[in-house]
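Here the structure comes first, spelled out in structure tokens, and everything after it is commentary.
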Amino acid sequence: MVRATLRGLQFVWDKQNHETVTNVLMKEWKVSDRKLAGEMFRHVDRILTKDGYVKPESVQVLVDLARENAKVTRPVSAAEVVDYGFLDKARKELGIVR
């Protein structure tokens, strides 16, 4: 699953595939306006990572929100929640350098 996600990210980031990605967005999100789909892709493109990693600060924001919603008072660090071991292994198998 992790390797497939990385392959998908590689596909999306490859400029040669932007037309295909736009077509997928149009189909899956039921958008009939190509210009709008292109803008949507531009925004999606801004939040996707190229290598599957998410900054610890970004993870910490999500952890803190979940902790507050669950009314957990004990601090929880991102390191307690995230394990990049599977990602590191998949990246190595696919030959993706960070």
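How far, in nm, would the chain grow between R7 and E19 when pulled straight, counting 0.36 nm per residue and subtracting the alpha carbon separation?
Result: 2.6 nm gained on full extension.
Leaving ligands, DNA and RNA out of it, rank I96, I47 by accessible area with a 1.4 Å probe, largest first.
I47, I96
For region 1-55, what is one quarter of the convex hull surface built on the Cα atoms, given in nm²?
One quarter of the hull surface, i.e. the mean projection, equals 4.0 nm².
What are the trypsin sites (Lys or Arg not before Pro) within region 30-60 that DSSP puts in a loop, where the Cβ has at most 11 other Cβ atoms within 10 Å?
Qualifying residues, ordered by number: K30.
Dipole of the chain, Cα-centred, from +1 at each Lys and Arg C-beta and -1 at each Asp and Glu C-beta, to the nearest 20 debye?
Rounded to the nearest 20 debye, it is 140 debye.
State the Kirkwood hydrodynamic radius of the chain in Å, one decimal place, computed from all pairs of distinct Cα atoms.
When all Cα pairs of the chain are included, the Kirkwood radius is 15.7 Å.
Please count, across the chain, the pairs of lysine residues with Cα atoms under 25 Å apart that sit 8 or more places apart or on different chains.
14
Rolling a 1.4 angstrom probe over the protein heavy atoms, how many square angstrom per residue are accessible across the chain?
78
The values are calculated or read from the model by the stated rules, or taken from the named source; none is laboratory data. Everything quoted here is computed from the prediction, not taken from an experiment. Ideal geometry is used to build each Cβ from the backbone, glycine not excepted, and the neighbour counts take in all protein chains shown. Areas reflect the complete protein model, heavy atoms only, side chains present, ligands, DNA and RNA absent. Shrake-Rupley method; radii C 1.70, N 1.55, O 1.52, S 1.80 Å.
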